[in-house]
Amino acid sequence: MRQKLYMCPTMREVPADADIASHQLMLRAGLIRQSAAGVYSFLPLGMRAVQKVEEIVREEMNEAGGQELLMPAIQPAELWQESGRWEAYGPELMRMKDRHDREFALGPTHEEVITSLVRDEVKSYKRLPMTLYQIQTKFRDERRPRFGVLRSREFIMKDAYSFDSTKEGLDESYDKMYNAYCNIFSRCGLDYRAVVADSGAMGGKDTHEFMVLSKVGEDTIAYSDESDYAANIEIAAVHVNYEKSDEPLAALEKIETPNLKTINELSDALSISDQLLIKSLLFIVDGEPVLALCRGDHEINDIKLKNVLSAEIVELATAEQTVQYMKCEVGFLGPIEVPSDVKVIADHAIEFIVNGVCGANEKDYHFKNVNPSRDFSIEQYDDLRFIKEGDPSPDGKGTIKFAEGIEVGHVFKLGTRYSEAMGATYLDENGKSQPMIMGCYGIGVTRTVAAIVEQSHDENGIVWPVSVAPFHIHLIPINVKNEDQVKLAETLYEKLKQERYEVLLDDRPERAGVKFNDSDLIGLPIRIAVGKRAGEGIVEVKVRKTGEMFETEVDKLSDLLKELFQQL
Ligand code: 9G3
């Protein structure tokens, strides 16, 4: 490709509204351009990287037995009404009406469409298992799109769906996809972890997220420093053997605590450890008030609360709702003498508190010497808190540490959630109608490109892994007015293409400095500069990743390149 006519507008300055490296670099290197909040164009150079990732995804999906198809982006609302999700989703689901006023969703995902397709076409157990996938544009009206294409409102996703007639079959399909994902992210050159995750609204239980380790990741991974345990902190289980002090239980005492509302104010004023404080938070769970208790040094995990209560919607009560249900304002809530219509649930750690402190459900008052089971009753103790760094790893090996991650893949065991709702059944060997057992598997393709840039760049620009680089070689005649240099560069251009290299020829009439800076910014794996020694048949080769430079005669260039690409 000749750069002079190539639409690859590099920028020297750092765009003001881009605050992470991958967003800045993808703009500056001419890979993307924004057309609205969270809506981007991929320019030719960026598109080549997207296609490289798609190719790797396609190869691994096909290898795992996936069948590629393409579903429509506009989805009839009826399908979403069948699955019950038309009402369940709010403004994030982009909707439209056609000219006949019929309602459609702009597809954020395709469980409904694929289930309706398979329901109509597959009737017998003999046709299962079947895994279908597509690589297609998705629409999600994110409230706060940000970080460039890491969180955009339109993005390319590979979404796959498996259909099995047995649970064991689903386990097999899931494992095949899980392994394909490991291959995909390894081949993309990513440092990633597969972590146990929360299935969220998708129902089903087993689910893993594939996280690219990065400081800008929006997800937090809890991992063990001594085993391969890793989980999204949303669901990382807490296994701590709390000790119960053997000090005698003191008499309950109501104390005046004017304006001592927060845990810190309270523990400072009463000079007691926050481990003796009982934090009480009121939640509205599927419309009902629930008072959740945890120790002062812990945080209630609302995802765990939702799962423990098998709820759909869990929200922190507003100040008004708190007064309405608890007859007391936030900051003085506690589990003693709670209004009867409020359910009380507590994290395991509460059970081990002796002579603790809690709100008195009265403004400016707390209780001290509070002892669970003596002073208040708990309907159920559960694992309700977020895991913390330093906690023991749930698998009993090592200690928990945190890392930030960018979710680039997510695999789910759906079970019959959609096949039952939408009547996707098959006749089993006894001729009995059974719901198909499904799994679904997503990869954010455009997000993966951004994650690669995020993980693989330096102060001068992008450092593309060879497997996903837009081109392999940046061939640069330094002075396009110098006949020797242009002639040699043209000769090399043809030769390298014949050797199956993808070459970007910088034939622009720019100064050397501009060309070299742009080359570092675009970040192709190998740069070949044709400069002053062109007349002697000598060129300069630079490895972008390591900065190594070599001067070589052109007849030794092929061997040198073979050796260098083997090491990359
Ligand atoms: C929606 C909207 C946003 C959504 C969904 C539905 C996420 C939704 C979860 C999934 C599950 C899997 C197949 C590929 C892998 C992920 N955001 N999810 O269902 F209507 Cl607006 O998409 N789907």
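Structure notes:
- Filter pass, ILE345 being crowded, with 20+ Cβ neighbours inside 10 Å and not small (Gly, Ala, Ser): yes
- From VAL290, VAL238, residue being under 26 Å from ASP206 (Cα atoms) and aliphatic (A, V, I, L, M): VAL238
- Wholly within the stretch 359-458, strands (runs of 3 or more DSSP E) carrying at least 1 residues that are more than 16 Å from the ligand (Cβ to nearest atom) and buried (at least 20 other Cβ atoms within 10 Å of the Cβ): 365-370, 400-415, 425-427
- Matching strands (runs of 3 or more DSSP E) fully within the stretch 118-236 where at least 2 residues are within 30 Å of ILE300 (Cα to Cα) and touching a Ser or Thr at 6+ places or on another chain (Cβ under 9 Å): 192-196, 207-213, 219-224, 230-232
- Qualifying positions in the stretch 13-67 - surrounded by 17 or more Cβ atoms within 10 Å (Cβ to Cβ), in contact with a His (Cβ under 9 Å, 6 or more places away or on another chain) and of a type outside the set (A, V, I, L, M, F, W, C): SER22
- One residue stands out in the stretch 105-117 among those that are within 20 Å of MET94 (Cβ to Cβ) and part of a helix (DSSP H, G or I): the one that is farthest from the ligand (Cβ to nearest atom), namely SER116.
- Cβ-Cβ contacts under 9 Å between residues 6 or more apart (or on different chains), taken from a first residue in the stretch 126-152 that is more than 30 Å from ALA64 (Cα to Cα) to a second residue that is assigned to a strand (DSSP E or B) and within 11 Å of the ligand (Cβ to nearest atom), are listed as ASP141/LEU106.
- Filtered residues of the stretch 118-167 (kept if acidic (Asp, Glu) and either under 25 Å from GLU55 (Cβ atoms) or within 13 Å of the ligand (Cβ to nearest atom) (or both)): ASP141, GLU142, GLU154, ASP159
- Residues (aromatic (Phe, Trp, Tyr) and either under 17 Å from LYS487 (Cα atoms) or surrounded by fewer than 18 Cβ atoms within 10 Å (Cβ to Cβ) (or both)) located in the stretch 509-562: PHE550
- Scanning the stretch 503-547 for residues that are in contact with a His (Cβ under 7 Å, 6 or more places away or on another chain), free of Cβ contacts under 8 Å to residues at least 60 places away in the same chain and among the charged types (D, E, K, R) returns a single hit, ARG527.
- Which numbered condition ALA49 misses (of (1) away from the ligand (no atom under 16 Å from the Cβ); (2) of a type in the set (Gly, Ala, Ser); (3) free of Cβ contacts under 8 Å to residues at least 60 places away in the same chain): (3)
- Residues of the stretch 36-45 satisfying the condition of being out of contact with any strand residue (DSSP E or B) (no Cβ under 6 Å at 6 or more places or on another chain) and over 19 Å from PHE471 (Cβ atoms): ALA36, ALA37, GLY38
Rule-based calculations on the coordinates, nothing more; no lab input. Remember, it's a predicted structure, so these values are computed and weren't measured experimentally. Virtual Cβ from ideal backbone geometry, glycine too; neighbours counted across all protein chains shown.
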